[in-house]
There are 2 protein chains.
Amino acid sequence: MPPPLWADNTDGAGQLVHDAEFYVLKAQHGERWAVEDAGLQAKLAELKEKHGTPPNLIHIMWDDTAYGDMGIPAIQKIRGFDTPNINQMAQEGILFTRMYTEVGCTPSRAAAATGRMAVRNGMYNIGMLLESHGLDDEEVTIAEVLSEAGYATAFHGKWHLGDIEESYPHNQGFDEAFFTGYNQILSLNSDVAEQGNASLGLVEDLFPKDPFMLDDTFITKDWVQIAEGTKGGETLQWRDNSYETYEAIDPEAQKRTLEFITRNAEAGKPFYVANWPMMSTFLPTRPKNCSVARAMLQDGLQCNVDVFVGKLMDHLEELGIAENTLVIAMADNGPMSHNPPPGTGFAETIFRGGKGDFLEGGVRVPAFAWWPGMVDAGQVQGDMIHITDLFTTFASLGGAMDNIPTDRVIDGLDQTALLLNGETHGRRDYQFTYAGPRLGAVIKGNYKRHMISPDPVGEASGIPAAFYFLPTDPREVLPMMTPMIHMKRPFNRMVLRHELWKKKYPDSQEKHGIPWTGVANASDAVKAHAQPQMVLKDLPFDPLEYIEHLDQIPFDRNMDPSLGQ
Amino acid sequence: MPPPLWADNTDGAGQLVHDAEFYVLKAQHGERWAVEDAGLQAKLAELKEKHGTPPNLIHIMWDDTAYGDMGIPAIQKIRGFDTPNINQMAQEGILFTRMYTEVGCTPSRAAAATGRMAVRNGMYNIGMLLESHGLDDEEVTIAEVLSEAGYATAFHGKWHLGDIEESYPHNQGFDEAFFTGYNQILSLNSDVAEQGNASLGLVEDLFPKDPFMLDDTFITKDWVQIAEGTKGGETLQWRDNSYETYEAIDPEAQKRTLEFITRNAEAGKPFYVANWPMMSTFLPTRPKNCSVARAMLQDGLQCNVDVFVGKLMDHLEELGIAENTLVIAMADNGPMSHNPPPGTGFAETIFRGGKGDFLEGGVRVPAFAWWPGMVDAGQVQGDMIHITDLFTTFASLGGAMDNIPTDRVIDGLDQTALLLNGETHGRRDYQFTYAGPRLGAVIKGNYKRHMISPDPVGEASGIPAAFYFLPTDPREVLPMMTPMIHMKRPFNRMVLRHELWKKKYPDSQEKHGIPWTGVANASDAVKAHAQPQMVLKDLPFDPLEYIEHLDQIPFDRNMDPSLGQ
């Protein structure tokens, strides 16, 4: 297929480049949107006049929760827990019924940070311990975009966007950062893990020495559990890798977030803060069970995340800035229903699938917006919104659209109209959902097509029958061909335009490197990751060369993309 | 096993007999309950003093709806429809999160009518066309119980409790009845059915004659689609069996219900009315599509059932009797997710399974209570309640407990405290769910055990691993044995007591007979069902004898119990 001849009709220089599908909508609604946008700008100017700054922006994002497990008491009663503060947030603002994320933690976080789907920014792999991989410094984050517009920016909590130095959040535009490179599996580095939930590699030192072990380099020796840093300043490991330190991460992150807010509110400076909690540990925590469900997920949501959200809302009101602050609270992907630690409470609710799946259950999450006076209370919105839209909407609200690069596709659409004008004012009716680097499913309105089919015959012949109508089949168990035969052409067209657009704006590749360089107080074992030659000096190859080739690990259609988070 | 020696300690003569499990609870809570009941009686006496009559009772029950598909806007948005009136009812009253029914239409309706599980009243078979089977006149219905206490009683809509004369609702205690003996499949008796959704037997006359047909008696010739009658009066078929008549059933039933209410409100007579709508047809009804989902279920709920519920609430308020009227609105079982007609919109939501299954999805339904001034608004109740509890609770509210027979097990518990005192005041923590005549599952609090296991090895060895903890596993996909090993003994004990109690109070058998006798204006073809000898006079056997043996149709573990509704 020859490269397409795309007219450069994306409104010329300085205009954002979106997915090809956006322009199909813009051609139909552009004039109406321009009028609506003028009204929104007037409303925001009035707010700025009143408060002296553009609005503050807070993004709370926790792990692995099924739609309905938050914000809907009639589901939570079934699931054995309660989150009164988040439910209040939903009642006083928006409950999104179609907030889509990427399929896993790393991809979703990268999408939120850059406004670009993980397949575009090279972060589609889910980071595990010492992944030697992270967010490319060529990516432009929301922190960079807003910093340039005068915002104070902070990141506190589970970053999970890599262990290479350029990926650290304070190297990606945040004024201050307190961050983990990885996920909650770190919590298994504990003698408590011996209770039966152990990750053997992590607790190797706690076990009797294996007398048959020949290779002392295979087992992971040390890493950085949690680090801190400031823009342009040094990076420091915070405390040690113990379970006690793990448990201190969320309280410390929450304290820092509230202090950051106070400091900037008092200084009259607009701010953006992302607090992405660890939420829970992967260990049984019986003494702290707080929910009827007596499970990790429910306990973490009820007695950690929800309590913090309550404190946060109170704090904003006490500081008198609630009416000038947008809070978005959401999960980063569906429940860890595949390969969960035992007894953790993860479960599908309405949708089929969970983390790692391109089914609705993997990517359709509980999500809420709260902004007293600006966002109407009691909204249950049916419009589609994608996690990348937060990037662009934050930039729009912060008057920072000009700081977004126009040399690449920004998937995020400006959804200010949806927030401020309510249901049916959304700008999105499509979504491409990738499973790792492969396109897994395409959604257009209520129609969905699976691009990876469990039926190899159908797929091979080019006519997979996997068309779905979501309202009547939210679990995607009734693939249809006959009643949706007319859907093949428009879906084909949509996918091909999406692919052709990539010829002009190609996806970025993964960025690899030595993990945890530039940490001033790193242990000798962490520092040794950069000098393995010292240990294995007699090798016939460069022991670090493999790092350059990490993206060549074969992704197979039968590989379970849900591993890790 | 010898018959058990049960002490006759059910509080002596005149006391209801409940399942054995109830007495385990009563022994622990009886004194508290007695105090609470005295308070409730005082409250009800005060209400009666004010209004002059005990409360009116209205039971609305529609078909086959998944938990969450009604009353929860954040789920309905996903499912492409809206029911503002029922949602208002939920907000102004109780949304039950654990209303359990029987597994199918006929069993659930029989349970509601008699306060007894279908396995006890012989109605566990789901009635199909000319079933020759129906509710035994030995059963005592809520209409009989309340009539005797001075209530006016009416039934309007889908009865589905048989086609034998004794089963007609006006022969079962209702003052007036307008009723179908069967289900919505009747709607396929139409030339419209040729559009592709046809039940071949029903439209036989509409097709060209089959030149190879030898047996003229096999195909169903005629039946009674909808009939009416009054207590002690004659029974009449209403109009004909056409599709037009089918579509007139719900409007007519709704009109009769509202008129019945007006008449009794004006006469100052307390009343009980069951309006169980047909809801929809099984035909595609494109011209009437009203929901975003464009499907039968959603259309029927949004534009028929919900509209009627709105009219009903308005009507009660206009008549000034809303504060003296309890309205219960609910589904009769889970969604028809097995063997549905195409494009109908039935789907699982949170729970796995649908109609016919002993999984939560089969028996845990949307249900609401509304009683302004008596039932507090905005309740999302976590207590268990079973459809049979409505029988006993209605009798209790109507001052008619003494009219309930004490020679049989009444599964229904008096849940007045749950209605009037709110969450945690329920009297039930157990449920036995039968699949046809077999015990399928047992629930105790949040614990559930499947008694019919898909794993024949486990079942045969007496240790099926099918123990579930519902909050963390609402879809029942993670059977546990190790963490729930301590559950085998208490479940065994509970099941055995339930079975042993049946030695003293045995289950009733199915009641069979000639269908549609006693219908004054029946067609000759309907009347001929009683005289098949006239047609087949040369047979070597009595052609009606098989009717006596209908309950000997073998029920196999592999038989799909979801067929029909």
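Assorted remarks:
- On the stretch given as region A:73-91, residues that are more than 22 Å from the chain's Cα centre (by Cα) and not in a helix (DSSP H, G or I) total 3.
- Among all positions in region A:124-133, there is no residue which is crowded, with 24+ Cβ neighbours inside 10 Å and within 14 Å of chain B (Cβ to nearest Cβ).
- For the criterion of being without any contact (Cβ under 8 Å) to a residue 40 or more places away in the chain, within 14 Å of chain A (Cβ to nearest Cβ) and either under 30 Å from A:Pro483 (Cα atoms) or part of a loop (DSSP other than H, G, I, E, B) (or both), B:Pro340 passes.
- Residue identified as away from every other protein chain (no Cβ under 14 Å), modelled with pLDDT under 95 and not in a helix (DSSP H, G or I) among B:Gly345, B:Gly320, B:Gly356: B:Gly356
- For region A:414-445, the set of residues classified as in a strand (DSSP E or B) and more than 27 Å from A:Leu397 (Cβ to Cβ) consists of A:Tyr434, A:Ala435, A:Arg438, A:Leu439, A:Gly440, A:Ala441, A:Val442, A:Lys444, listed by residue number.
- Residue among B:Val375, B:Val363, B:Val305 that alone is under 21 Å from the mean Cα position of the chain (by Cα) and away from chain A (no Cβ under 14 Å): B:Val305
- Note on region B:46-81: residues that are more than 30 Å from B:Arg256 (Cα to Cα), more than 14 Å from chain A (Cβ to nearest Cβ) and either buried (at least 19 other Cβ atoms within 10 Å of the Cβ) or hydrophobic (A, V, I, L, M, F, W, C) (or both) total 0.
- Among the numbered conditions (1) in a loop (DSSP other than H, G, I, E, B); (2) away from chain A (no Cβ under 14 Å); (3) crowded, with 20+ Cβ neighbours inside 10 Å, the only one that B:Ser280 does not meet is (2).
- Unique match (being out of contact with any helix residue (DSSP H, G or I) (no Cβ under 9 Å at 6 or more places or on another chain) and either basic (Lys, Arg) or surrounded by fewer than 22 Cβ atoms within 10 Å (Cβ to Cβ) (or both)) among B:Asp376, B:Asp407: B:Asp407
The values are calculated or read from the model by the stated rules, or taken from the named source; none is laboratory data. As the structure is a prediction and not an experimental result, all values here were calculated from the model. No Cβ is skipped: glycine too gets one built from the backbone with ideal geometry, and neighbour counts run over all protein chains shown.
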